[in-house]
Amino acid sequence: MNFKFRARSNPNPSDRENKRTIDLENGSEIIYFPRFIPYDDSCKLLHYLDKEIPWTRPSIHVFGRSCIQPRDTCYVASERLPELRYSGYQPHAYSWDDYPPLKDLLAAVHEALPGSSFNSLLLNRYKSGSDYVAWHSDGEKLYGPTPEIASLSFGCDREFFLRKKPSKTAKVQIPSTSCVEEPANKRLKRSNQVDQHSLTLKHGSLLVMKGYTQRDWVHSVPKRAKIEAVRINLTFRRVL
Ligand SMILES: O=C(O)CCC(=O)C(=O)O
Ligand SMILES: [Fe+2]
């Protein structure tokens, strides 16, 4: 694809500053920039990513069961990093050089988050509201104890839920990435207000999870029966 466009973050300072910080306490925090990438650039990126990324829908294993991951995925990483493996699946690592707009996005995210230095990117494509990501945390050892994860969204709005992990004594196991759909709404209603948060992730938005968010919280993007449109999400991570 002849793609001359250069991805860039929003040049309008008031849009960049219009961010929301949620202190999840005990060293966990999320930051949400609703208009991180300008609207027209976000539309071009959505089209580019939809057409050019080599999407796959792999089989994964959770609690001894094999199932098809309920969304498309792709992985891009710098050379010679330890390999990512989750739920029994080891994705092939594509090169940043093959996808110049992803390099531009990486630079834009680095500029917005001083001190960050991401070297890998997990991409997700939700073809419609039947695709989802179940409750999980991204606490793989190769990201270290306090990974910063920067998540860009393009396409239709989807809800993002966060829920505090049960205390260790509760002995409830939550997989790193699950294919078992849980009734996210019901779970949220039962738990304490401060132990749950929800955000609508918008076209061109950036969400950052920091500190102990992966250790102490789980997150999900639940199914939405009425949604027919595509959403693409990019999560930048640092493999140590
Ligand atoms: O699609 C999203 O917003 C979340 C994706 C996610 O949690 C992940 O890739 O680990
Ligand atoms: Fe995640």
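Find the residue count for the stretch 22-46, including only residues that are in a helix (DSSP H, G or I) and open to solvent by 40 Å² or more (accessible area, probe 1.4 Å). Reasoning before the result, please.
Restricting attention to the stretch 22-46, the residues satisfying the condition of being in a helix (DSSP H, G or I) are 39-46.
Filter once more, so that each one left must be open to solvent by 40 Å² or more (accessible area, probe 1.4 Å): 39-40, 43-44.
Matching residues across the stretch 22-46 total 4.
Restricting attention to the stretch 47-69, the residues being surrounded by fewer than 18 Cβ atoms within 10 Å (Cβ to Cβ) and either touching an Asp or Glu at 6+ places or on another chain (Cβ under 8 Å) or farther than 15 Å from TYR89 by Cβ (or both) number 8. Of all residues in the stretch 138-155, those being part of a loop (DSSP other than H, G, I, E, B), closer than 15 Å to SER87 by Cβ and open to solvent by 30 Å² or more (accessible area, probe 1.4 Å) number 1. For the stretch 52-62, check the following and say yes or no: at least one residue is modelled with pLDDT of 95 or more, out of contact with any strand residue (DSSP E or B) (no Cβ under 7 Å at 6 or more places or on another chain) and either among the small types (Gly, Ala, Ser) or in a loop (DSSP other than H, G, I, E, B) (or both). No: the stretch 52-62 contains no residue that is modelled with pLDDT of 95 or more, out of contact with any strand residue (DSSP E or B) (no Cβ under 7 Å at 6 or more places or on another chain) and either among the small types (Gly, Ala, Ser) or in a loop (DSSP other than H, G, I, E, B) (or both). Among the candidates ALA93, ALA107, the residue that is small (Gly, Ala, Ser), farther than 23 Å from VAL133 by Cα and free of Cβ contacts under 8 Å to residues at least 60 places away in the same chain is uniquely ALA107.
For the stretch 91-101, what are the residues that are open to solvent by 40 Å² or more (accessible area, probe 1.4 Å) and out of contact with any strand residue (DSSP E or B) (no Cβ under 9 Å at 6 or more places or on another chain)? Matches in the stretch 91-101: ASP97, PRO100.
The values are calculated or read from the model by the stated rules, or taken from the named source; none is laboratory data. Only a predicted model underlies this, so the values are computations on that prediction, with no experimental measurement involved. Using ideal geometry, Cβ is built from the backbone for each residue, glycine included, and neighbour counts are taken over all protein chains shown. Areas reflect the complete protein model, heavy atoms only, side chains present, ligands, DNA and RNA absent. Shrake-Rupley method; radii C 1.70, N 1.55, O 1.52, S 1.80 Å.
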